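Accompanying notes for the structure given below.
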Amino acid sequence: MELQLQYFLLLAAALFCIGIYGLITSRNAVRVLMSIELLLNAVNLNLIGFSNFLDPVAIKGQVFAVFVLTVAAAEAAVGLAIILAIYRNRETIDMEQFNLLKW
Amino acid sequence: MNLAEGIQIVSFAILAATTIGAALGVVLFNQIVYSAFLLGGVFISIAGLYILLNADFVAAAQVLIYVGAINVLILFAIMLVNKRYDFEPVANRWVRQASTAVVCLGVFALLSTTVLATPWAISTASTVTAESTTVIIGKHFFSDFLLPFELASVLLLMAMVGAIILARRDFIPDQISTATEPPQTALTLPERPRELTPAASNATESSN
């Protein structure tokens, strides 16, 4: 018995589903951003698991994981800036009251 | 990975339990500050999982970028928008939560059956590589992944400029009337900090 690829994939799937649950149900806008980070981490775990078990010589999965890391950093910065701007206008971070884009 | 298999299994079990528990805490805690610190726990556990998967460079980058930058940024945002009040209750909120939980469990069941039913083409090549992963990743970055690498740089620059523009404060238009101020050079930003307590300033103005 040794570590299998399936263990990591199942763990990443569980993490992804927890992230989706938090993304949909949380009312605090900062918690929504944290849930997105959980989703990106689940995807990264999948990529590195595949790169270790299916492609251990040319580890291209790790390269993709580094790119995902970069995009996550950019997303966090822009998302938190947007939340700050909305908070200055609305004085709240409740997702139920963000009706700025209503038609 | 030179560890014995039993140690690997035990480490994986501990790290997986920590990851899932901390992720549930991130989603379910009421206090957002607890969620932020537990998010750091999730990131560190996932870095440990990366080390189990022979990805030492990505593990180090995970700790540096996620724990050192993104988590600190989230904590700053929480403290900047820190307003202690309870959200107004929304009718039938539990219906949304229950349906979302059902959908998420369904997605997890679907993913699990797919993962367990697919015959993965496990590589039989030796996982002990002569070079370190950092060298291989660096060679990838500067040979066949050169264009995405440069695009990531441009993306980071765009995100930085966009975040600065989004988060900067309001313009104050009545600057020309104040002649006592030093002359405006090209490098000073035409803005000033907004009053932190507008109600108090309005009260003092009305009293004057």
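The values are calculated or read from the model by the stated rules, or taken from the named source; none is laboratory data. This structure is a prediction, so every number in the text was calculated from the model and none was measured. Here Cβ is always computed from backbone atoms with ideal geometry, including for glycine, and neighbour counts include all displayed protein chains. Each accessible area value is taken on the protein alone, full model and side chains, heavy atoms only, with ligands, DNA and RNA left out. Shrake-Rupley method; radii C 1.70, N 1.55, O 1.52, S 1.80 Å.
Shielding of peptide A:3-13 by partners, expressed as the average count of other chain Cβ atoms within 10 Å per residue Cβ, is 6.
Counting partner chain Cβ atoms within 10 Å of every residue's Cβ in B:58-65, what's the average?
Average per residue, whole number: 4.
Buried accessible area for the A:B pair, summed, 1.4 Å probe, in Å² rounded to 100?
The contact between B and A buries close to 7300 Å².
The mean number of partner chain beta-carbon atoms within 10 angstrom of a residue's beta-carbon across peptide B:37-46 is 3. Highest-first packing order for the peptide set B:73-79, B:12-18, A:85-91, A:58-64 is A:58-64, B:73-79, B:12-18, A:85-91, based on the mean count of other beta carbon atoms within 10 Å.
Write down, largest first, the equivalent ellipsoid semi-axes of chain A in whole Å, where each equals the square root of 5 times an eigenvalue of the alpha-carbon gyration tensor.
On the way: eigenvalues 235, 49, 13 Å².
Largest first, chain A gives 34, 16, 8 Å.
With the contact rule set at Cα under 8 Å and sequence spacing of 6 or more, what percent relative contact order holds for segment B:1-129? Once divided by the residue count of segment B:1-129, the mean separation gives 19 percent.
Per residue, how much accessible area does chain A show when a 1.4 Å probe rolls over the protein heavy atoms, in square angstrom? Don't skip to the end; give the middle numbers.
Working: 3900 Å² over 103 residues.
Accessible area per residue: 38 Å².
Considering only alpha-carbon pairs that sit under 8 angstrom and 6 or more positions apart, the relative contact order computed for chain A is 29 percent.
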